[in-house]
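Take a look at the structure below.
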Amino acid sequence: MNPLHVRQGVVLGMSTLAFTICFMIWMMFAVLGVPIKELLDLNETQFGLLAATPVLTGSLVRLPLGLLADRFGGRSVFFLLMLVCVLPLYLISHATAYWQFLVLGLFVGLAGGSFSVGIAYVAKWFDKDNQGFAMGVFGAGNAGSAVTKFLAPALIAAGSWQLVPQVFSAMLFITALLFWWFSADDKTHRSAQGANLREQLQALKDPAVWRYCQYYSIVFGGYVALALWMTQYYVGEYGFSLQSAALLAACFSLPGGVLRAVGGWMSDRWGAQSVTWWVLWVSWVCLFLLSYPQTQLQIQTLNGPMNLHIGLNPALFTALLFIIGIAFAFGKASVFKYIANDYPDNMGAVSGIVGLAGGLGGFVLPILFGALVDLTGVRSSAFMLMYGVVWVSLIWMYFSEIRKRPLLGKQPPATPNPFSSIAQGDNHVGS
């Protein structure tokens, strides 16, 4: 067996495991926030802020962590990042006030920055024809959100909500040690050796980067927001118990994570543009249906009033969420295939920028979800908001890409990309 292939497999496997644990912790308040909401008597907006707080720091650190991964290597940065999160994660079990949960959530949110570290670390071990699949496998660590929904309710039922951060902190520490022991480093993969931060951020001048940020704010930011919101949505809208609600919410989170590898393969085969275009259309249709609130109509007929109920039952609602989860999984992979194609030598920086935009979407959306519910009293207003954002993305993509390039096949960059070689070092992706 080729030693390089063995090393690639080990690096990909350990990185995916580490990212799964990090994402599991990042999404912890999707379940943990429900008993805390009851304990502290929080309104919907306060719950949205509590659930989204870790997403804020996880988003803001993605760019600097991506730059550090380019410069010092993903292995060291990934390992140290996990160690830093262990203590604040454990201290959540001793928090008693709302502000304490928010502050500790900010520190725990650093785990969300692991994506920009890991995606650049993994991509540089593979050649261009296999990068989409490799990044998709790594991105399947998003399934950590579903792991939280399976594990956290069981821990709460077995003991108390305090047991969740205690067990999760132990899992994170063990994972960090395993990652350091089994993963590998290749100094030739380090890029931007002589570039400073200003030079690497020149990629922000490229309009394509902003477009990819918009796409990712939906397929990843929307995924994070819904993963945080759906457990309590099921509890409030349909009256399910915490355990049942978390299980049903996992029907969205699980495909949204594990099928990312399939999206990477599809992007390798048919091109990032084709996959992203159809992902947005499928999401748009599903979100339109999910946006319709539970409605009672009274129609005056010849025989008197006739009452009608229009709304989604739990089965149909869950089926539509499942479809969106699949679409978002494909979209997350296709957006990073764009980046691998267009920015092979500056991937840490660009993936950090795009990841920052996606993470900020995941931070802002839950807060807006809560504010809209408090203002309107309509829970499906969350889907109305996302429907509008997807519509904007479709319009932007049509005028910037679809009219200019063929929809099918492997697409080259739309224009020669002067930013793809910014801060080149001796390294090339897949070397």
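Looking at Arg71, Arg75, Arg62, can you tell me which residue is over 25 Å from Tyr223 (Cβ atoms) and open to solvent by less than 50 Å² (accessible area, probe 1.4 Å)?
Among Arg71, Arg75, Arg62, only Arg75 is over 25 Å from Tyr223 (Cβ atoms) and open to solvent by less than 50 Å² (accessible area, probe 1.4 Å).
How many residues are farther than 11 Å from Cys22 by Cβ, out of contact with any Gly (no Cβ under 9 Å at 6 or more places or on another chain), part of a helix (DSSP H, G or I) and not small (Gly, Ala, Ser) when one looks only at region 78-131?
Qualifying residue count, region 78-131: 17.
Does region 138-156 contain at least one residue that is open to solvent by less than 10 Å² (accessible area, probe 1.4 Å), within 18 Å of Asp70 (Cα to Cα) and modelled with pLDDT under 85?
no
I want to confirm something. Restricting to region 180-206 and keeping residues that are surrounded by fewer than 19 Cβ atoms within 10 Å (Cβ to Cβ) and touching a Ser or Thr at 6+ places or on another chain (Cβ under 8 Å), which single residue is modelled with the highest pLDDT?
Only one residue tops the list, namely Asp185.
Can we say Thr16 is farther than 21 Å from Cys85 by Cα, modelled with pLDDT of 90 or more, in a helix (DSSP H, G or I) and open to solvent by 10 Å² or more (accessible area, probe 1.4 Å)?
Considered against the rule, which asks whether it is farther than 21 Å from Cys85 by Cα, modelled with pLDDT of 90 or more, in a helix (DSSP H, G or I) and open to solvent by 10 Å² or more (accessible area, probe 1.4 Å), Thr16 comes out as no.
Residues are listed down the side, and each one gets a yes or a no for (1) open to solvent by less than 10 Å² (accessible area, probe 1.4 Å); (2) aromatic (Phe, Trp, Tyr):
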{"residue": "Ala319", "(1), (2)": "no, no"}
{"residue": "Phe328", "(1), (2)": "yes, yes"}
{"residue": "Lys337", "(1), (2)": "no, no"}
{"residue": "Tyr343", "(1), (2)": "yes, yes"}
{"residue": "Gly355", "(1), (2)": "yes, no"}
{"residue": "Asp374", "(1), (2)": "no, no"}
{"residue": "Arg379", "(1), (2)": "no, no"}
{"residue": "Ala382", "(1), (2)": "yes, no"}
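When you check Gln214 against the structure, is it in contact with a Lys or Arg (Cβ under 9 Å, 6 or more places away or on another chain), at pLDDT 85 or above and in a helix (DSSP H, G or I), yes or no?
Judged against the criteria, Gln214 is not a match.
Does Gly221 satisfy being among the small types (Gly, Ala, Ser) and without any contact (Cβ under 8 Å) to a residue 40 or more places away in the chain?
So Gly221 does not fit the description; no.
Can you tell me which residues in region 93-121 are among the aliphatic types (A, V, I, L, M), surrounded by 24 or more Cβ atoms within 10 Å (Cβ to Cβ) and touching a Phe, Trp or Tyr at 6+ places or on another chain (Cβ under 7 Å)? Before you say what the answer is, go through the steps one by one.
Quick first cut of region 93-121, residues among the aliphatic types (A, V, I, L, M) only: 95, 97, 102-104, 106, 108, 110-111, 117, 119-120.
The next check asks that each one be surrounded by 24 or more Cβ atoms within 10 Å (Cβ to Cβ); those that pass are 108, 111, 117, 119-120.
Correct list: Ala111, Val117, Ile119.
Given the condition crowded, with 24+ Cβ neighbours inside 10 Å and farther than 21 Å from Val167 by Cα, answer yes or no: does some residue in region 25-47 qualify?
yes
What is the number of the single condition among (1) open to solvent by 30 Å² or more (accessible area, probe 1.4 Å); (2) in a loop (DSSP other than H, G, I, E, B) that Arg7 does not meet?
Answer for Arg7: the failing condition is (2).
Let's see how each residue does on (1) small (Gly, Ala, Ser); (2) over 25 Å from Ser59 (Cβ atoms):
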{"site": "Thr318", "(1), (2)": "no, yes"}
{"site": "Leu321", "(1), (2)": "no, no"}
{"site": "Ala327", "(1), (2)": "yes, no"}
{"site": "Lys332", "(1), (2)": "no, no"}
{"site": "Val335", "(1), (2)": "no, no"}
{"site": "Asn341", "(1), (2)": "no, no"}
{"site": "Leu365", "(1), (2)": "no, no"}
{"site": "Asp374", "(1), (2)": "no, no"}
{"site": "Ile402", "(1), (2)": "no, yes"}
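Do we find that Ala414 is modelled with pLDDT under 75, in a loop (DSSP other than H, G, I, E, B) and crowded, with 24+ Cβ neighbours inside 10 Å in this structure?
Numbers: modelled with pLDDT under 75: yes; in a loop (DSSP other than H, G, I, E, B): yes; crowded, with 24+ Cβ neighbours inside 10 Å: no.
No; evaluated as a whole, the condition is false for this residue.
The values are calculated or read from the model by the stated rules, or taken from the named source; none is laboratory data. These numbers were taken from a predicted model, which means no experiment stands behind them. Neighbour counts are summed over all protein chains in view; Cβ atoms, including those assigned to glycine, are modelled from backbone coordinates with ideal geometry. When the accessible area is computed, the model is the full protein with side chains, heavy atoms only, and any ligands, DNA or RNA have been set aside. Shrake-Rupley method; radii C 1.70, N 1.55, O 1.52, S 1.80 Å.
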